[in-house]
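Enquirer: First, the structure itself, so that you have it in front of you.
The values are calculated or read from the model by the stated rules, or taken from the named source; none is laboratory data. What you see is a predicted model; the values in this text were computed from it and never measured. Please note: Cβ atoms are built from the backbone with ideal geometry, for glycine as well, and neighbour counts cover all protein chains shown. SASA here: full protein model, heavy atoms, side chains in, ligands and nucleic acids out. Shrake-Rupley method; radii C 1.70, N 1.55, O 1.52, S 1.80 Å.
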Amino acid sequence: MEPTYGNMSGMCSDAAANLLDTVPGRMLVHWYLRAYGDADPRPSVAAFIEASTLEDFVDDLVLIIGEYLYGNGANDVLDMALTAPATIEMAEAICAALRHPSRNTLDSPQTHEGTITELSLPRVRNRKRPGALPDGAFWTATPLHDGTSDTWSASGENLRGLKDPARYTVHFDPDVARIVRIDTAGDWAALIADHPLEFRGARVPDWPSIAEEWDAVHLSALGLLCAHPRLSEVPYDRYEAGGYRHSQSGPWPGVGDWSTVSTAWLRIPERFEIRPTTRAAR
């Protein structure tokens, strides 16, 4: 299927076209194009991107999402040469790297931060201001650095509560758990289309409805970049102070409020086990 994003040509795969049609996606491509231009010696683009670990990508993504929502980073990428061979090659290399099994963000176990006194069933609700985040979900993050940190700590999420929160490993059977994975804008739009809730002229996810069909929703690294309003559909106002308004515009809200790669558990499936880490057990 030929991509239909903006003015990009058929040279671009659907995934790379989606990446280049969002502000965070363009920002990452722009970021790596500049880094590649400064590389000495300069390997192939694929080898340059492959040298980045999942930890490297997550660190970069967290900074980019923050700059998109609350800074002016979008202004640097609104006029990117989207059909330039170098741009397309970099976008394709990033998509291939984030889809590689070595950077899978949905392996078992995941981690959970925060003291658990008793595991009760999630009671998922829509928030008072319905949007991209559910209320009442059980959240897990993807382990990083051989399990010594995770995507939450990389984003600073654990600093919003306890300075040294208890940590747990969350084990599940991927063949049993019903998990919808968000890698693209299309994945996110399809989930909302199947479970819509009308709010202020837009469609937002109806989380209790989603919980009837799925045990969890996982936002991958690629999804954190791509599941945002498409620039070809929702133009960005370069005079806007920060892009949070843009992230909430269009037919559905983007996933910027998720902040990082994570999983929202809406139900507890079979073969689901939580084990305290050494730090949590103290």
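Enquirer: Restricting to segment 164-184, name every residue that is at pLDDT 95 or above and among the small types (Gly, Ala, Ser).
Expert: Answer for segment 164-184, where residues must be at pLDDT 95 or above and among the small types (Gly, Ala, Ser): just ALA177.
Enquirer: Quick one: which residue in ASN104, ASN75, ASN126 is open to solvent by 30 Å² or more (accessible area, probe 1.4 Å) and closer than 19 Å to THR142 by Cβ?
Expert: When all the criteria are applied, what remains is ASN104.
Enquirer: Can you run down the residue pairs with Cβ atoms below 8 Å, 6 or more apart or on separate chains, where the first is in segment 140-161 and open to solvent by 30 Å² or more (accessible area, probe 1.4 Å) and the partner is modelled with pLDDT of 90 or more and assigned to a helix (DSSP H, G or I)?
Expert: Pairs found: HIS145/GLU55; ALA154/GLU55; ALA154/VAL58; ALA154/ASP59; ALA154/VAL62.
Enquirer: Can I ask one more? Within segment 191-215, take every residue that is touching a residue at least 24 places away in the same chain (Cβ under 8 Å) and part of a helix (DSSP H, G or I) and give me the one that is most open to solvent (accessible area, probe 1.4 Å). Quick ask: steps written out before the conclusion?
Expert: Residues of segment 191-215 that are touching a residue at least 24 places away in the same chain (Cβ under 8 Å), as a first pass: 191-192, 197, 199, 202-208, 210-211, 213-215.
When the remaining residues are screened for being part of a helix (DSSP H, G or I), the result is 191-192, 207-208, 210-211, 213.
Details: LEU191: 9, ILE192: 3, TRP207: 1, PRO208: 50, ILE210: 0, ALA211: 12, GLU213: 80 Å².
Checked segment 191-215; the qualifying residue most open to solvent (accessible area, probe 1.4 Å) is GLU213.
Enquirer: Could you tell me which numbered condition PRO235 fails, if it satisfies all but one of (1) open to solvent by 20 Å² or more (accessible area, probe 1.4 Å); (2) touching a residue at least 24 places away in the same chain (Cβ under 8 Å)?
Expert: (2)
Enquirer: Would it be correct to say that LEU219 is over 27 Å from ARG123 (Cα atoms) and either surrounded by 23 or more Cβ atoms within 10 Å (Cβ to Cβ) or among the β-branched types (Val, Ile, Thr) (or both)?
Expert: Values: over 27 Å from ARG123 (Cα atoms): no; either surrounded by 23 or more Cβ atoms within 10 Å (Cβ to Cβ) or among the β-branched types (Val, Ile, Thr) (or both): yes.
No, not satisfied.
Enquirer: May I ask you to say which residue of THR87, THR111 is open to solvent by less than 50 Å² (accessible area, probe 1.4 Å) and at pLDDT 95 or above?
Expert: One residue alone meets the criteria, THR87.
Enquirer: Continuing with this model, one more query. At pLDDT below 95, assigned to a loop (DSSP other than H, G, I, E, B) and among the acidic types (Asp, Glu): does that describe GLU55?
Expert: Here the answer is no, as GLU55 does not meet what is asked.
Enquirer: I'm checking my understanding of the structure. Among residues of segment 56-68 that are out of contact with any Pro (no Cβ under 9 Å at 6 or more places or on another chain) and open to solvent by 10 Å² or more (accessible area, probe 1.4 Å), which one is nearest to ALA97 (Cα to Cα)? Working first, answer last.
Expert: Step one: of segment 56-68, the residues out of contact with any Pro (no Cβ under 9 Å at 6 or more places or on another chain) are 56-60, 62-63, 66.
Adding the requirement that they be open to solvent by 10 Å² or more (accessible area, probe 1.4 Å) leaves 56, 59-60, 62-63, 66.
Working: ASP56: 12, ASP59: 15, ASP60: 14, VAL62: 17, LEU63: 19, GLY66: 22 Å.
That would be ASP56.
Enquirer: Moving to a separate point now. Of all residues in segment 238-261, which are open to solvent by 40 Å² or more (accessible area, probe 1.4 Å), in contact with a helix residue (DSSP H, G or I) (Cβ under 8 Å, 6 or more places away or on another chain) and assigned to a loop (DSSP other than H, G, I, E, B)?
Expert: The answer is ARG238, PRO251.
Enquirer: Same structure, new question: Counting only residues that are polar (S, T, N, Q) and under 13 Å from ALA17 (Cα atoms), how many does segment 198-223 have?
Expert: The qualifying residues number 0.
Enquirer: If you check ARG275, ARG181, ARG271, which single one turns out to be under 13 Å from the mean Cα position of the chain (by Cα) and not in a helix (DSSP H, G or I)?
Expert: None of the others qualify; the one that does is ARG181.
Enquirer: Within segment 224-246, does at least one residue satisfy the condition of being of a type in the set (Asp, Glu), under 19 Å from ALA16 (Cβ atoms) and more than 18 Å from the chain's Cα centre (by Cα)?
Expert: Yes: segment 224-246 contains one or more residues that are of a type in the set (Asp, Glu), under 19 Å from ALA16 (Cβ atoms) and more than 18 Å from the chain's Cα centre (by Cα).
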